[in-house]
Amino acid sequence: MTATKKKPAVKAKASKKYGYFDDANKEYVLTTPATPIKWCNYVGTLDFGGIVDTTGGTLVCKGDPALNRITKYIAQMPNADFKASTVYIRVKDGKSYKFFSPFYVPTLQKLDKWECHIGLSYSRWIAEAFGLRVQVTIFVPTKSNTLLQDIQITNIAGGAKEVDVIPVYEFSHFEAEKQLTNADWVPQTMTLKAHPEKDGHLVLEQYAYMKRDYAVNYVTADCKISSFDGDRRVFLGCNEMGSWQHPLSLDNKELSNSECDRGDNIAALMIHAGKIGAKKTFRTCTQLGQEQSLKVANKAIKKYRDLKNVDKAFAELAAFWDKYLETIQVKTPDASFNTMVNVHNPRQCHTTKNWSRYLSLYQLGYGTSRGIGYRDSTQDLMGVMSHMPEEALVLTKNLISVQRPEGNAMHQYAPLALEEDTGSEANEGDSREKANAVDAQGNHLYADWYGDDHLWIVLTVASYLKETGKMELLDEEIPFYEKGKKRAEREKGTILEHLKRALKFTREHLGKHNLPLLGFADWNDCMNLPLGAESTFNTALYAKALLEMMDIEEHLGDTKAVEMYKGWYEDVKKAFNESAWDGKWWVRWFDKDGNAYGTNKAKYGKIYCNGQSWPVISGIATGAHAEQGMDSLNKLLNTKYGVKSSTPGYRGFEPSVGGISTYPPGAKENGGIFLHTNPWVMIAETILGRGDNAYNYYCQINPAAKNDILDVFESEPYCYPQNILGDEHKQFGMGRNAWLSGTSTWTYQAATQYILGIRASYNGLVVDPCIPTKWNGFDAVRKFRGATYEISVKNPKHVSKGVAQMIVDGQEIDSNVAPIFTKGTHKVEVILG
Ligand code: GLC
């Protein structure tokens with residue numbers, strides 16, 4: 001058995017229709033394979049790893065899902081179909097065989113029991129059939145290029161059973177899109193070779209011909225392999241009239257030992273477990289990896305053929321997660337808040353940090369249409385900053401390296417191309433499509449830059465500085481991005497200079513009302529107004545970035561710079577207040593002629609969510625208007641499943657506004673509950689001191705609290721989806737696009753930094769809660785700059801906000817900022833009132 005000891009799960013919850021949260025083991029336990037839609041988990045990192053769905057399908061990539069894909073997982077196939085991998089368990093039944101898959105898919109053989117434990121970077125199945133209990137655990141050891149599949153089969157019935165194990169993987173061409181679009185070149189080049197070893201071990205090696213000397217995939221196991229197949233046609237049998245549900249090869253004692261010089265490459269291994277006696281367990285572990293050559297792979301192969309090392313790797317993975325999560329652990333009166341904040345939300349932040357919007361069951365990682373998104377990853381990074389600042393810094397610097405000397409940023413980059421320093425690693429995203437559109441006079445109609453991308457990085461860098469105190473980072477030089485030039489030839493600037501140029505770019509790109517220009521789009525990707533349009537979102541983000549910059553400069557002691565940025569801030573605040581109030585809320589955009597969008601006068605898109613929350617977050621909305629905007633939001637945009645991004649939705653395609661109107665009303669940005677916007681509403685409410693509102697907005701989108709309504713919600717209850725259909729749509733409440741969403745980073749920040757109010761600052765750890773009035777208080781443990789803070793908040797007067805007293809290690813202090821200690825454990829008692 002594997003090294004980790006399971007803690008007993010709370011059984012009472014096991015009655016849920018699809019599954020239940022097992023907080024003691026930090027798992028969600030799924031009890032039926034028939035989820036409403038495909039659900040999945042992530043293993044490994046972007047360096048090596050990918051998706052494992054709940055029925056055993058695996059999508060594995062190394063470094064870049066588009067350019068270095070390993071398995072052929074086609075997400076659009078129905079749930080019951082084979083998708084890149086499975087395991088068959090075969091039992092001798094008289095003269096013939098019967099078999100099943102512990103994943104249920106693709107055999108669809110009835111099982112006596114089935115569970116999928118969705119854990120922290122591992123998935124574990126427990127299935128019972130034919131008197132056998134099969135446990136399969138899939139994970140990637142930390143910092144390795146191997147996917148391990150630990151298979152344990154126990155005879156639970158009595159009477160020896162003759163059992164075979166047949167794991168199978170199907171390979172993809174490394175260039176993922178080519179696999180789907182080129183059925184000539186791809187099959188001619190796909191190659192699978194067998195390397196039998198003297199002692200009965202076997203390695204199957206796979207590559208596309210041109211990669212033979214650079215990158216090879218392999219599959220092997222710890223035990224003897226009696227036969228194999230590398231050719232899908234041979235394995236399925238009868239010229240593929242045999243199916244994945246019943247491969248005809250499984251009717252024979254041995255597989256055909258087919259190599260594959262072209263065609264559909266698979267790796268199927270025949271492992272004879274032999275006769276398993278009553279209560280006895282057979283265990284084997286398969287490896288799927290990629291290295292430069294088998295010679296290089298040999299070390300890892302040998303290592304993981306020793307099952308002790310498999311156990312050790314699993315224990316190391318658990319230790320990684322313990323350490324990652326111990327940065328913040330909370331105990332509040334709300335169990336599903338605790339479940340999300342202590343486990344699943346920070347875990348999701350780790351996933352978005354790795355895969356940006358690149359590889360999910362929705363963002364399929366094909367071609368160059370995605371990559372690491374500038375605005376997406378800069379925000380994602382803030383969600384992991386307290387847990388892994390140094391890892392976050394690596395990605396932060398990559399993002400800084402695709403900022404242009406002008407100050408704005410490229411929209412996305414391909415990770416492998418960045419590594420290879422190609423000079424064309426970054427691109428302008430969707431704005432490329434319209435970049436060449438011109439009017440009759442030959443003037444460009446749209447901007448080929450985004451108005452928000454470059455501003456986010458100021459917030460990201462500030463969050464690193466506050467977390468670590470390492471101000472020297474600002475002096476480090478990083479090249480700007482100049483297309484076509486190698487990194488060494490490009491202009492360089494310190495990180496501080498990069499931030500300054502970002503702000504200056506926006507300062508110099510203002511429109512008619514002296515508000516920042518929209519560019520091709522702001523955060524709302526789907527609103528593409530012609531050149532000259534202004535965005536109040538960019539206005540607020542710019543103002544927030546200015547506030548962060550003033551803090552940075554103040555900490556550096558540059559009072560002149562502080563004054564300058566203060567001036568810029570006041571200018572934009574004034575311009576905003578003079579032009580953007582609509583009567584009951586703030587407008588969202590002005591087009592080039594000064595017409596407002598997000599106004600009561602409009603037929604569609606009268607009011608926008610971000611239009612109200614961001615002015616509060618950035619402090620540019622003041623006085624009564626700040627609250628009034630948020631109240632209008634509550635009245636017009638809130639639903640029981642979350643806040644809609646706008647209302648009413650456009651009722652048909654309108655080229656003048658673009659992407660937003662391609663969706664039916666109630667979907668995505670067009671009046672849907674675009675979840676990413678919701679935590680901003682929570683944060684704004686905490687700034688206004690309205691803790692009950694903030695908490696209510698939190699609860700209505702908490703996926704863990706939706707475990708009872710999964711037939712409506714449909715999406716995984718252990719992570720945030722990107723969108724929920726709004727009330728203008730018939731399927732109101734249905735979630736889609738799980739995992740890779742900015743909802744994760746921001747809800748985590750909203751919960752920990754604003755509702756619980758525990759946030760890093762230059763001078764110490766701030767504790768400034770804004771909680772629901774009904775809470776008596778809460779406890780939290782936060783690691784910060786080498787010390788542990790044990791925080792206990794009491795709320796005797798049942799208020800939301802306002803620290804009446806802070807006592808640190810027995811001494812009352814005159815603020816709500818606990819000092820920087822750098823070591824030891826410190827008690828922080830806070831009394832609200
Ligand atoms: C998608 C994009 C993100 C954008 C959001 C809203 O999630 O990845 O960049 O901000 O849509 O349009």
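The values are calculated or read from the model by the stated rules, or taken from the named source; none is laboratory data. This one's a predicted model, so the numbers in the text were calculated from it and none came from an experiment. When we count neighbours, we look across all protein chains shown, and the Cβ atoms used for this are built from the backbone with ideal geometry, even at glycine. These area figures cover heavy atoms from the full protein model, side chains too; ligands, DNA and RNA do not enter into them. Shrake-Rupley method; radii C 1.70, N 1.55, O 1.52, S 1.80 Å.
Before moving on, here are some points about what is shown:
- Other-chain or far-sequence residues with amide H under 5 Å of residue 493's (modelled H): 478, 480
- Radius of gyration (Cα atoms) of segment 160-233, expressed as a multiple of 2.2 N^0.38 Å: 1.30.
- In summary, segment 104-253 shows an alpha-carbon radius of gyration equal to 1.19 times the 2.2 N^0.38 Å reference for compact globular proteins.
- Rh (Kirkwood; distinct C-alpha pairs) - segment 480-528, Å: 13.1 Å
- Cβ charges +1 (Lys, Arg) and -1 (Asp, Glu), total dipole of segment 248-374, debye: 400 debye
- A Förster distance of 35 Å, applied to the separation of the beta-carbon atoms of residue 592 and residue 476, puts the FRET efficiency at 0.35.
- Gyration tensor over alpha-carbon atoms, segment 756-804, equivalent ellipsoid semi-axes in Å: 22, 11, 7
- Reachable lysines, given that their alpha-carbon falls under 25 Å from the alpha-carbon of residue 601 and they are not under 8 places away in the same chain: 512, 573, 574, 584, 592, 635, 644, 668
- Using the Karplus relation 6.51 cos²θ - 1.76 cosθ + 1.60 with θ = phi - 60°, the per-residue 3J(HN,Hα) values for segment 237-246 come to x, 6, 6, 6, 7, x, 10, 5, 5, 9 Hz, with x marking Gly and Pro.
- Length-normalised contact order for segment 35-323 - Cα pairs under 8 Å, 6+ apart - percent: 19 percent
- The chain, relative contact order in percent, only Cα pairs under 8 angstrom and at least six apart counted: 9 percent
- Global dimensions of segment 738-833 from alpha-carbon coordinates: Rg and Dmax equal 13.7, 46 Å.
- Cα centroid separation - segment 487-544 against segment 640-689, whole Å: 22 Å
- For segment 452-461, 3J(HN,Hα) per residue [Karplus equation, 6.51 cos²θ - 1.76 cosθ + 1.60, θ = phi - 60°, Hz, x = Gly/Pro]: 10, 2, 5, 6, 4, 4, 5, 5, 5, 4
- Rg and Dmax of segment 37-183, Cα atoms only, in Å: 16.1, 51
- Rounded to the nearest 20 debye, the dipole magnitude of segment 35-323 is 780 debye, with +1 charges on Lys and Arg beta carbons, -1 on Asp and Glu beta carbons, and the Cα centre as origin.
- The helix-based estimate of mean residue ellipticity at 222 nm for the chain, built from -39,500 (n - 2.57) per DSSP H run of four or more residues and divided by its residue count, is -8000 deg cm²/dmol to the nearest 500.
- Sum of side-chain charges, residue 728 neighbourhood, beta-carbon under 11 Å (Lys, Arg +1; Asp, Glu -1): +2
- Here's the picture: a label point sits 7 Å out from the Cα of residue 651 along the beta-carbon direction, and within segment 712-736 the residues with their amide nitrogen under 19 Å of it are 726-731.
- Kirkwood hydrodynamic radius over Cα pairs of segment 35-323, then Stokes diffusion coefficient at 20 °C and 1.002 mPa s, in µm²/s: 114 µm²/s
- Segment residue 335-residue 708, length gained on full extension (0.36 nm per residue, minus Cα span): 132.8 nm
- Local electrostatic count, residue 365, Cβ distance below 10 Å [Lys/Arg +1, Asp/Glu -1]: +1
- Cα convex hull of segment 689-755, projected area averaged across orientations, nm²: 4.9 nm²
- Rounded to the nearest 10 degrees, the angle from helix 389-400 to the longest Cα principal axis of the chain is 70 degrees.
- Gap separating the Cα centres of segment 558-603 and segment 728-763, nearest whole Å: 26 Å
- The spacing between segment 371-438 and segment 101-170, judged by their C-alpha centroids, is 39 Å.
- Between residue 273 and 163, 164, 165, the built amide H atoms are under 5 Å apart, and every one of these is 5 or more places off in sequence or on another chain.
- Overall dimensions of segment 495-611, expressed as equivalent-ellipsoid semi-axes from the Cα gyration tensor (√(5λ), whole Å, largest first), are 28, 14, 12.
- Charge tally around residue 419: other residues with Cβ under 15 Å, Lys/Arg +1 each, Asp/Glu -1 each, net -1.
- Once the Cβ-Cβ distance of residue 774 and residue 32 is raised to the sixth power relative to R0 = 45 Å, the FRET efficiency obtained is 0.80.
- When segment 356-509 is reduced to its Cα atoms, the Kirkwood hydrodynamic radius in Å: 16.1 Å
- Approximating the spin labels as points 7 Å out from Cα along Cα→Cβ, the residue 486-to-residue 560 distance works out to 3.8 nm.
- Folded to 0 to 90 degrees: helix 294-305 orientation relative to the chain principal axis, Cα: 80 degrees
- Label point at residue 781 placed 7 Å out along Cα→Cβ; residues across segment 324-364 whose backbone nitrogen lies under 13 Å: 324-331
- Relative contact order (percent, whole number), segment 686-801, Cα cutoff 8 Å, 6+ residue spacing: 23 percent
- 27 Å tail of the calculated P(r), segment 584-714, as % of Cα pairs: 20 percent
- Taking amide H as placed 1.01 Å from N in the peptide plane, the amide H of residue 788 sits under 5 Å from that of 824, 825, 826, each at least 5 places away or on another chain.
- Cα Rg over Rh - the chain, Kirkwood: 0.98
- Once the 1.4 Å probe is applied to the protein heavy atoms, the chain comes out at 36 Å² accessible per residue.
- Cβ-Cβ distance of residue 730 and residue 763, R₀ of 45 Å, FRET efficiency by 1/(1 + (r/R0)^6): the value works out to about 0.30.
- Label-point separation in nm, residue 213 to residue 292, each point 7 Å along Cα→Cβ: 1.3 nm
- Here the dipole of the chain is about 2400 debye; that uses its Cα centre as origin and unit charges on the Cβ of Lys and Arg (positive) and Asp and Glu (negative).
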